[in-house]
Amino acid sequence: MTSVFPGLDPETYASHALHNQERMWPETNCYVDLWIEVLAAAGFTPEAMLGFTLTQDFEGDQFTFFKVPLEDLEELYDIRVTELAIFDTVESHVSAQIARGRLCLVEMDSHFMPDTQGVGYRQEHGKTTVGINRLDIANRVMDYFHNGGFFRLEGEDFDGVFQRNLPEGTLPFLPYTEFAKFPKTQSSSAHQRTTATALLRRHFTRRPDDNPIAEFASVFPKQVEAVAERPFGYFHKYAFNTLRQFGANFELLASHLAWLDEKAHGNAIAEALKISECAKTVQFQLARAVTRKKFDPLATALDPAIAAWERLMDDLGQRLT
């Protein structure tokens, strides 16, 4: 059966170092995590793409669900990503693209993904993005990138993710789908480094005008009071879209700066990691606050991250402008 990346086996697959369990945030969000693993499988350097993390903002009810801009992928690696139109079954489109060496990124229901065992598998429905490396329609088997790893599903789970058992008369399965075209010749490490440096400067000019963590802190206690009135499962969704998003974002920024020049960016790396660590600490405080319904300690909990963001931007401003 044709694969985009031949030879990958879920049983022996080793995740990239950016998903090492010793990191503060071993997983970030499904889209960035997927691209980290896909780039590594293709022989590229995932750290090169992470300059866009400078642009993360607070959007009023959540932090930016940070995603690598597609134009960055093209500039860095000559990977071209665009939307795939779905007018037949999703399986037939994916098979056609795999046969041409293209990877399809498909929004699917994590309810049927065994790699989410203990979190969402067969417990709740959730939208997530996977990259399909191999598809065996006849035997109902799919090998796919998801979050920080590479997995296989089959049988009833295969039918589930492709929604093959929908009642008659329901709308067909029409997920948002992208497909990636990989270059015949890989860009050099030198090209990736030079381009990443230029992109970092570009993204620095696109950073938020105001400190996004300070904006979040101003509404954080009130938001948590509202979260505490909801079923406890809602806590996880709230924490994912706030503390985890900016915590993971800035840990990835630290990794990007270390890859570019660890010595030159030492101060900025330290500040980015302080932001990430503060988010991790406050996530535990958030759980206690929701359980005990005591919210006053949250008023100043984010102060270290607020100050670190200011120092981080000042330091990068001196080096990048």
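The values are calculated or read from the model by the stated rules, or taken from the named source; none is laboratory data. Bear in mind that the values here come from a model prediction, so they are computed numbers and not experimental data. Neighbour counts run over all protein chains shown; Cβ positions are idealised from the backbone, glycine included.
For a quick check of your reading: which helices (runs of 4 or more DSSP H) sit entirely within the range 209-311 and have at least 2 residues that are buried (at least 17 other Cβ atoms within 10 Å of the Cβ), within 18 Å of the chain's Cα centre (by Cα) and aliphatic (A, V, I, L, M)?
245-261, 266-292
Test residue 64 against the stated conditions and say whether it is among the β-branched types (Val, Ile, Thr), farther than 27 Å from residue 120 by Cβ and at pLDDT 95 or above.
no
Kindly provide the set of residues from the range 128-155 that are under 16 Å from the mean Cα position of the chain (by Cα) and under 25 Å from residue 24 (Cβ atoms), ordered by number.
128, 129, 130, 131, 145, 146, 147, 148, 149, 150
In the set 61, 72, which member is under 16 Å from the mean Cα position of the chain (by Cα) and either of a type in the set (A, V, I, L, M) or outside the structural domain of residue 150 (by TED's automatic domain parsing) (or both)?
Going through 61, 72 in turn, just one is under 16 Å from the mean Cα position of the chain (by Cα) and either of a type in the set (A, V, I, L, M) or outside the structural domain of residue 150 (by TED's automatic domain parsing) (or both): 72.
Can you name the residue in the range 66-102 that is surrounded by fewer than 16 Cβ atoms within 10 Å (Cβ to Cβ) and aliphatic (A, V, I, L, M) and is also nearest to residue 174 (Cα to Cα) among such residues?
Going through the qualifying residues, I end up with 85.
When residue 172 is evaluated against the numbered criteria (1) touching a Leu at 6+ places or on another chain (Cβ under 8 Å); (2) farther than 19 Å from residue 271 by Cα; (3) surrounded by 16 or more Cβ atoms within 10 Å (Cβ to Cβ), which criterion, by number, is the only one it fails?
Evaluating residue 172 over (1) touching a Leu at 6+ places or on another chain (Cβ under 8 Å); (2) farther than 19 Å from residue 271 by Cα; (3) surrounded by 16 or more Cβ atoms within 10 Å (Cβ to Cβ) leaves (3) as the failure.
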